[in-house]
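Have a look at the structure below before the remarks.
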Amino acid sequence: MDDTVAEFIRRTVLKVPRDGIKDVLQKWGFLSEAQLQTLNVCQTKDHVAQDVVQLCEENSADIQQAAVLDIIYTHVYQNKRRWSVYRMKKTGEEVEYFGLTDFKKKFKSRIWSALKNVTITFREYEDNAIWIRVAWGTPHTKPNQYKPTYVVYHSQTPYVFISASLLRGNLPLLYQALIVASNYHEIHEMELRGHSLDSLKDIVFKRYSQHFQTCSPTLVQSTVEPESDLRIVQENRSEKERIQRLTQEAFGDGPQPKLEFAQYKLETMFKSDPEMNVLNKKEPFRCLVKFSSPHLLESLKYLAAAGMADAPLSPLLTSITHKARNYFKVREKKCVIPESFVSP
């Protein structure tokens, strides 16, 4: 086994949490059950990694098998990476038969026709997801196995999820390979990114619940003293019911897709009396606002009920899933009918 392959396998094993090492190796399927039984995962991870490398030496592992191990690790711990969503388009609405063998052949052929020093590895999963790992080199250097690009494509859909570590010059080549292999004609990046790959899929595939539910009782309900004025009690109840209704209209009845942030770029003009001549320049003011949270949409859902924001929330916040984006540009209104925001 090549020394570079051995080192790559060793580093891959070191990335896996101790309690997940055997699970990842079993999914890999390269080592026999008898070989796996000899592993003692209770020793230091460095010793475990060295033992795995020794077993791979016995089986004469090559770079393709090591790359498959890396795909499996990334699939299991996919939330450790940041994913961007892309949408492909066709000129017509014709439905074409999808063949996995043909897809692989076209994808590899398109990349290798332009760049030979590239390692391309595929793995299929039960949800019609094709995982592609591309390690890029240059005309004069071998592929860098430590900074690959991961692509997740669901057949029969126009959506592609990419976590990229590549030179900017290689992006067009990757795009061309995807549209040629999948029989589309163009591809563009959506303004939707995050670490939870499943949540990004839920948003673009509309798999999140769109039914309505009431807010959490712990946030909506409150105790009222027996001697309180009944008119105040009724007013409080009516306000809570209003917040419930508006929350129902803005969010679904299931768990919200997990996003960590939403970013808004603001452009607005300074307004003043022309006679005051306060500002001569006509350039707009620009600023960036970013909302961050371990689970942003769930946090937004309960802002009004918790008394931290007025209801209804701004459409800039509530339309993230509907518009399938968490990057926005907010610009000056230029028409009679108000616009909540304008796409870039």
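Residues that are part of a loop (DSSP other than H, G, I, E, B) and at positive phi: does segment 100-114 have at least one? Checking segment 100-114: not a single residue is part of a loop (DSSP other than H, G, I, E, B) and at positive phi. Every listed requirement among (1) over 26 Å from ASN79 (Cβ atoms); (2) in contact (Cβ under 8 Å) with a residue 60 or more places away in the chain is met by THR12 save one, (1). Of the residues making up segment 51-62, just one is surrounded by fewer than 16 Cβ atoms within 10 Å (Cβ to Cβ), in contact (Cβ under 8 Å) with a residue 24 or more places away in the chain and assigned to a helix (DSSP H, G or I), namely GLU57.
For GLU124, the conditions (1) under 16 Å from TYR184 (Cα atoms); (2) surrounded by 12 or more Cβ atoms within 10 Å (Cβ to Cβ) all hold with the exception of (1). With respect to the conditions (1) in contact with a Phe, Trp or Tyr (Cβ under 8 Å, 6 or more places away or on another chain); (2) at pLDDT 90 or above; (3) within 23 Å of HIS322 (Cα to Cα), VAL151 falls short on a single one, namely (3).
Filtering segment 166-179 for residues that are at pLDDT 95 or above and small (Gly, Ala, Ser) leaves a non-empty set.
List the helices (runs of 4 or more DSSP H) that sit entirely inside segment 181-263 and contain at least 3 residues that are modelled with pLDDT of 80 or more, surrounded by 15 or more Cβ atoms within 10 Å (Cβ to Cβ) and hydrophobic (A, V, I, L, M, F, W, C). Step through it out loud before you land on a result.
Values: elements: 197-204, 217-220, 230-250.
Hits in segment 181-263: 197-204.
Within segment 100-114, being buried (at least 16 other Cβ atoms within 10 Å of the Cβ) and in contact with a Ser or Thr (Cβ under 8 Å, 6 or more places away or on another chain) holds for one residue alone: PHE103.
Residues in segment 5-42 that are surrounded by 12 or more Cβ atoms within 10 Å (Cβ to Cβ) and in a helix (DSSP H, G or I): how many? Final tally of qualifying residues: 23.
Within segment 145-160, the residues that satisfy the criterion of being farther than 18 Å from LYS104 by Cβ and surrounded by 13 or more Cβ atoms within 10 Å (Cβ to Cβ) are GLN145, PRO158, TYR159.
If I go through segment 147-164 residue by residue, how many of them are more than 11 Å from the chain's Cα centre (by Cα) and not in a loop (DSSP other than H, G, I, E, B)? Lay out the reasoning, then the answer.
We begin by selecting, within segment 147-164, every residue more than 11 Å from the chain's Cα centre (by Cα); these are 147-151, 153-159, 164.
Narrowing the set further to residues that are not in a loop (DSSP other than H, G, I, E, B) leaves 149-151, 153-154, 159.
The total comes to 6.
So, of the residues in segment 63-95 that are among the polar types (S, T, N, Q) and not in a strand (DSSP E or B), which turns out to be modelled with the lowest pLDDT? Steps first, please.
We begin by selecting, within segment 63-95, every residue among the polar types (S, T, N, Q); these are 64-65, 74, 78-79, 84, 91.
Subset that is not in a strand (DSSP E or B): 64-65, 74, 78-79, 91.
Numbers: GLN64: 95, GLN65: 96, THR74: 97, GLN78: 96, ASN79: 94, THR91: 77.
Filtering first and then ranking leaves THR91.
Apart from one condition, SER343 fits all of (1) under 27 Å from VAL204 (Cβ atoms); (2) modelled with pLDDT of 75 or more; (3) polar (S, T, N, Q); the exception is (2).
Would you please name the residue that is surrounded by the fewest Cβ atoms within 10 Å (Cβ to Cβ), looking only at residues in segment 309-322 that are modelled with pLDDT of 85 or more and over 19 Å from GLY254 (Cβ atoms)?
Per the stated criteria, the residue is PRO315.
Within segment 126-144, the set of residues being more than 15 Å from LYS104 (Cβ to Cβ) and either outside the structural domain of PRO158 (by TED's automatic domain parsing) or not in a strand (DSSP E or B) (or both) comprises GLU126, ASP127, GLY137, PRO139, HIS140, LYS142, PRO143, ASN144. Taken over segment 134-144, the criterion of being of a type outside the set (Val, Ile, Thr) and buried (at least 21 other Cβ atoms within 10 Å of the Cβ) is satisfied by ALA135, TRP136.
The values are calculated or read from the model by the stated rules, or taken from the named source; none is laboratory data. Please read all numbers here as calculations on a predicted model, not as lab measurements. Methodologically, a virtual Cβ is constructed for each residue, glycine included, from the backbone with ideal geometry; neighbour enumeration extends over all protein chains shown.
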